[in-house]
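Below you'll find the structure, written out as structure tokens, and then a few comments.
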Amino acid sequence: MVTFAVILGWTALAVLFAIALSPSATASAPQAMPFLGGGSAETHAWQRFHFRPYTMSLLFIAFEMEMMFMYPWAVVFVSEGIKALAEMGMFLAILSVGILYGWREGIFRWQ
Amino acid sequence: MAVIGDTLAARAPAAVFAAIGPGRQAGTERLFARRDMRRASTPRDASILLVAGDIPSEASEALARVHDQIPPPRATVQWQGEDPDRIVARVMETLKDLRVSATGEENRLPDAPPNEWKGIGPHGQGGKGMMGGTPYGRPMAMTGPDIRDGLQLDRYSARIGPFAPMLPPGLTLEVTLQGDVICDVSIDSPPFAQPADADAPDLCLARVLRLLGLDRAADRVLGGKRPGALWVQGAISRGLGRIDGTDMRDRVAAWRKGEAAPLGPFDLPRLLIGAEWSEAMLILASLPPSALIRAARAPEAA
């Protein structure tokens, strides 16, 4: 019962907050355009561009995930024994594929 | 609330968007070095449009668009070369009126999208994939080879100016961007003519500092102080905007010493193509207005 009330209460709060923060739909057509110092755009703003640091973020996520699971794993490692070691080995093998891919893409080359 | 509105808000510097006309660049830039004035970098940030000088008729549509992009309530203040103190007083007066009456100027352009929504599907959802359809009259960006590594990436083209605060007043560039890399530039209209006082070393240095986000330092430069050499030089990378063996660092160093930085003729589009957007804006700020006007007019004469 209490759980239910908490969920309902938080949902109501979130809805009220969203309503209070929602932008009023009074923006005119010129205001909906991007500001280009009085100029106008030829093409739509939706476009695909090269996210250049993506290999760096790949490397970051690989090591971050590794650390995230290694902390709880270290707690249970002694009681679980060889099984936990094998599981972590598999996990690290999968992650290292990502690191190898990043290596091929040239993350470790310093420019 | 009323107390806060009357005291704190009234004491804050007035955020003003400036549309600068021919011959008014130096005066307007010196106006914004004052403590009680702040130059807004977008119309969203401002409630007052300061129109300095006479805007030529070919830029009047752009001026109307900038005017409409200022959120209401808004007001326009015309500046025809009166004393700066009087214009600041008028801006403050207008701001107070806006706060009290809350009825500003109406839109100048029609409140309608430039074109109707047009699509192929039953709900007007466009054509094939991401490249189909023309939402509100603007086609989706099409791909072209990236100038750095040849990947097929979308090209976004837009006309920027004549009132973009990071460009010299009047300059309209037709820019094609891939991400933030400029892959094509052409000059739509050259900057408005400015007398030689816009080339003053302190104004040129203040322009660079403002672009680097060092507003207080720029105000101090216009107040007659020199910034430390080390951190100004460190903020600008070497080899940027190299013309005849002098790069942006050399020009900024000359301005810091209070000397002019004379420049030979150069090809403006060639200088900007291949640069990232931030680099291109720094390069433009590192060129004195007279040299920019000459460079922008050269292809027209040819």
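Taking segment A:40-76, which residues are closer than 20 Å to A:Ile107 by Cα, facing chain B (nearest Cβ under 7 Å) and open to solvent by 90 Å² or more (accessible area, probe 1.4 Å)?
Scanning segment A:40-76 gives a single hit, A:Phe49.
In the set A:Trp110, A:Trp103, A:Trp10, which member is open to solvent by 100 Å² or more (accessible area, probe 1.4 Å) and assigned to a loop (DSSP other than H, G, I, E, B)?
Numbers: A:Trp103 fails: assigned to a loop (DSSP other than H, G, I, E, B); A:Trp10 fails: assigned to a loop (DSSP other than H, G, I, E, B).
The unique qualifying residue is A:Trp110.
Of the residues B:Pro168, B:Pro139, only one is part of a loop (DSSP other than H, G, I, E, B), within 13 Å of chain A (Cβ to nearest Cβ) and buried (at least 22 other Cβ atoms within 10 Å of the Cβ); which?
B:Pro168
Of the residues in segment B:143-174, how many are within 30 Å of B:Gly21 (Cα to Cα) and out of contact with any Leu (no Cβ under 8 Å at 6 or more places or on another chain)?
5
Which of (1) at negative phi; (2) at pLDDT 85 or above; (3) surrounded by 12 or more Cβ atoms within 10 Å (Cβ to Cβ); (4) not polar (S, T, N, Q) does A:Gly37 not meet, given it meets every other one?
All conditions pass for A:Gly37, except number (1).
Report yes if some residue within segment B:189-196 is crowded, with 20+ Cβ neighbours inside 10 Å and over 19 Å from the mean Cα position of the chain (by Cα); otherwise report no.
Taking every residue of segment B:189-196 in turn, none turns out to be crowded, with 20+ Cβ neighbours inside 10 Å and over 19 Å from the mean Cα position of the chain (by Cα).
From the set of residues in segment B:15-31 that are in contact with a strand residue (DSSP E or B) (Cβ under 7 Å, 6 or more places away or on another chain) and open to solvent by less than 10 Å² (accessible area, probe 1.4 Å), which is farthest from B:Ala218 (Cα to Cα)?
B:Gly21
At pLDDT below 85 and part of a helix (DSSP H, G or I), is that true of B:Trp231?
yes
Among the residues in segment B:67-80, are any open to solvent by less than 50 Å² (accessible area, probe 1.4 Å), in contact with a helix residue (DSSP H, G or I) (Cβ under 7 Å, 6 or more places away or on another chain), at the interface with chain A (Cβ under 8 Å from one of its Cβ atoms) and at pLDDT below 90? Give the derivation first.
Applying the first criterion (open to solvent by less than 50 Å² (accessible area, probe 1.4 Å)) to segment B:67-80 yields B:67-71, B:73-77, B:79.
From what is left, the residues that are in contact with a helix residue (DSSP H, G or I) (Cβ under 7 Å, 6 or more places away or on another chain) are B:68-71, B:73, B:75-77, B:79.
Narrowing the set further to residues that are at the interface with chain A (Cβ under 8 Å from one of its Cβ atoms) leaves B:68-69, B:71.
Narrowing further to those that are at pLDDT below 90: B:71.
The answer is yes, given that some residue of segment B:67-80 is open to solvent by less than 50 Å² (accessible area, probe 1.4 Å), in contact with a helix residue (DSSP H, G or I) (Cβ under 7 Å, 6 or more places away or on another chain), at the interface with chain A (Cβ under 8 Å from one of its Cβ atoms) and at pLDDT below 90.
Can you spot a residue in segment B:214-233 that is within 16 Å of the chain's Cα centre (by Cα) and surrounded by 21 or more Cβ atoms within 10 Å (Cβ to Cβ)?
no
Scan segment B:151-165 for residues that are within 7 Å of chain A (Cβ to nearest Cβ), open to solvent by 10 Å² or more (accessible area, probe 1.4 Å) and in a strand (DSSP E or B) and jot them down.
B:Leu153, B:Tyr156, B:Ser157, B:Arg159, B:Ile160, listed by residue number.
The values are calculated or read from the model by the stated rules, or taken from the named source; none is laboratory data. Computed from a predicted structure; not experimentally measured. Glycine gets a Cβ as well: all are built from the backbone with ideal geometry, and neighbour counts include every protein chain shown. For the accessible areas, the whole protein counts, side chains as well, though only heavy atoms, and no ligand, DNA or RNA atoms are used. Shrake-Rupley method; radii C 1.70, N 1.55, O 1.52, S 1.80 Å.
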